[in-house]
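Let me begin by presenting the structure, written as structure tokens, before commenting on it.
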Amino acid sequence: MEESTLNWFIMSHVTPNVDATDYAYQALQHERAVITAESERLAKGSIGKPWEDLDPQYFNESIQVLELSRVENSLMGAGFETMAAVVEWANQDFTPSLRSLGKKKIKLICDRLRELSNTPPPIELLTGIKLKTLHPSVASLPSDHFHLGARASSLSKSGYRTVLDLADWYQADCPELKGFGKKSVKQAKEVLEALASSLDENGMPNWDQFCDLAGITLLPREPHVDEKECFLITIPNIIEDIIRSAADEVEADIIRNRLTRTSKNQLTLEDLGRKHRLTRERIRQKQQKLLLEISNGLMEGLYVKREYRFRLEYAAKWKKAEEAFGGDENIDGFSFLLRLSEVWEVKVSELIDHLPLIFAVLTSTNSIPNAFRVYAKYPILTGSHHIPEFLQKPVCELYLGNKLKILEHLNITTLGELVEIFCGFPDEFNSRVFSEFFENMESFLQTLDSPQGFSWKEYYAHRNFTILPEVVIESPYNFLSCLKPSILKAVTICSSEFYQHSREILLFRSFPAKDERLTAQELADKVGCHGPTISKNELELNSRLRSLLVERNFSKSTVIFEDTFLEFWSNLSELYDEGLDVKNFKFKLAQNWALPLDDLDEYINLIWSILSNHPRGKNRKNYTGVKRPRKIAKAVREDFVAPVIVLRKRRMLH
């Protein structure tokens, strides 16, 4: 109890003649005088001027450095914006006096100035000068870009939606928010202080320094990986860093055994659930959360946890890929890889090894369609769109056997169309013939230094096919001189593809002139068979040769004829289609090729036999050599609908 109050108490009880009310009033006046004197002593003489030792670096700082929210408004209302103005006013013994700043607030200012005088300016302090130099592009960034934890939505709900809003919240001594506890506040403070410390003179953050101060892994670890030759190579290292930064073993296992594997090689949700004693649904939820964290970080720059952050130039590559699809939500697999390779300036084959993660990021799902396994099996083949010579090859010139009829039924005429439909429907074309063909093509493409060096001659040599004739045909004389040897060699090499006695039929019936050849019965007696058998086999031989030389159907042949050789046969076929008899055909051919008629005598019988499917002199009206077509079973459904990829949409983590 104060002395004046004690005196009043004694006087009022011991000396009742004294007016107690008057004495109490006097005592109260005395107390006020004592308090006033004490305030003046604290504000002036007894304390001195502690701000004389204040570091000059504080002078240009905002008055927010005082961290006195109740005093700041009064100072700003009086026109004090910087610490220099406050110090100057203090040096004048706080005159002129301000109505809103009484003795108690002046005491608070003095105490705070004393603390700052004994403390050097902290580097990590988010101060007014930092706010002034903060680049607008950074100040306007949403608060959910900065690893503020799972409770960051409470900041947005309270109106702190940008970095600038967060700075105001920080400088207001981080007032309590609903749903934003002490742990979240501490994490937010650390992140904001790290951001302030990483700002350069232009107000832009140094992300390496920011991540280092905030304890965040910046991915990829090495800079300058946005170049096309380094971009894809870093993906495995990034995956390992994400696994190391995973919150628990379950998340690491999901990344390792699901997000980075094709559907065929993934562990099922049930398998992971049994391994970690969790339900299938819980594993699915964790997987979806991980997918959103990775895709939102790369595409939107949204980060919740303080685990990792992607470099801006690296994330820009992914963002560019997303923008390249032009907002299309559905796109087929072939177009997906084709467009992606163009955006990133890489080969389609180079994308295959990283397809699971690429697919997960761009679609926010890890369920890769089964059709994509063809890209993993034939990576170079899927990148063949850069080889016109490859794509324009007619399918009838490919060694596909009876499967060519299926392609004819589906109106597939070129290799490019076959590759596209094979990539889109691998299950429908899952046959040994197609698989062997694409495996052989893939093995050949792997031997090339560049796909641009593709050559069908080299491919045929790789497959050990025979190319006839062995020289390039440049003139009709070259054609005629190579005609009989090439055909005889083709029939000899591919004897299993022709009927019996085909070689003898050529030598004794097709090659000789009309009056010198053996009859069918004479040849039958010579080889030991029946005459009708020779006639039948001759018809099949000529039909097969016509298919090879005129129709260019090599689907069942390991012998390939030179293009220049086949061009002459194409010319012969056009002349034959005019409906001329053999005499006029020979005469017009001699004119077209500028040859004497006598030079054609030795070859006209063979040429006419192949074009008409029967020897010269045979009535071709009833012997067309064309079999009645068999009924082709529906090997493939006609109502194909190409599988599509559903691209990601914006989704937020909660």
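The values are calculated or read from the model by the stated rules, or taken from the named source; none is laboratory data. As the structure is a prediction and not an experimental result, all values here were calculated from the model. Methodologically, a virtual Cβ is constructed for each residue, glycine included, from the backbone with ideal geometry; neighbour enumeration extends over all protein chains shown. Ligands, DNA and RNA are stripped out before the accessible areas are found, and what is left, the full protein with its side chains, is counted by its heavy atoms. Shrake-Rupley method; radii C 1.70, N 1.55, O 1.52, S 1.80 Å.
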| Looking at segment 553-567, is at least one residue surrounded by fewer than 18 Cβ atoms within 10 Å (Cβ to Cβ), over 49 Å from the mean Cα position of the chain (by Cα) and of a type in the set (S, T, N, Q)? | no
| Can residue 537 be described as under 30 Å from residue 414 (Cβ atoms) and either open to solvent by 10 Å² or more (accessible area, probe 1.4 Å) or in a helix (DSSP H, G or I) (or both)? | no
| message | Within segment 83-116, take every residue that is among the β-branched types (Val, Ile, Thr) and either open to solvent by 40 Å² or more (accessible area, probe 1.4 Å) or touching a Leu at 6+ places or on another chain (Cβ under 8 Å) (or both) and give me the one that is modelled with the lowest pLDDT. | response | 95
| So which residues in segment 255-286 are modelled with pLDDT of 90 or more and open to solvent by less than 20 Å² (accessible area, probe 1.4 Å), if there are any at all? | 269, 272, 273, 283
| request: Would you confirm whether any residue within segment 503-514 is out of contact with any Asp or Glu (no Cβ under 7 Å at 6 or more places or on another chain), part of a loop (DSSP other than H, G, I, E, B), of a type in the set (S, T, N, Q) and on the phi < 0 side of the Ramachandran plot? | output: no
| Yes/no for residue 210 being of a type in the set (Phe, Trp, Tyr) and either in contact with a Cys (Cβ under 6 Å, 6 or more places away or on another chain) or without any contact (Cβ under 8 Å) to a residue 24 or more places away in the chain (or both) | yes
| message | Step by step: first the residues of segment 447-483, then only those that are of a type in the set (Gly, Ala, Ser) and part of a loop (DSSP other than H, G, I, E, B), then the one that is surrounded by the fewest Cβ atoms within 10 Å (Cβ to Cβ). Which residue is that? | response | 450
| remark: The number of residues in segment 145-179 that are open to solvent by less than 20 Å² (accessible area, probe 1.4 Å) and over 21 Å from residue 293 (Cα atoms) is 4
| Which condition does residue 509 not pass, out of (1) within 49 Å of the chain's Cα centre (by Cα); (2) surrounded by 14 or more Cβ atoms within 10 Å (Cβ to Cβ), if it passes all the others? | (1)
| query | Would you pick out the residues in segment 596-612 that are of a type in the set (A, V, I, L, M) and either exposed (fewer than 12 other Cβ atoms within 10 Å of the Cβ) or closer than 16 Å to residue 569 by Cα (or both)? | reply | 600, 604, 606, 607, 610, 611
| From the residues in segment 198-207 that are in contact (Cβ under 8 Å) with a residue 60 or more places away in the chain and farther than 20 Å from residue 315 by Cα, which one is surrounded by the most Cβ atoms within 10 Å (Cβ to Cβ)? | 199
| remark: Flagged in segment 575-607 as under 15 Å from residue 545 (Cα atoms) and touching a Phe, Trp or Tyr at 6+ places or on another chain (Cβ under 7 Å), in numbering order, are 606
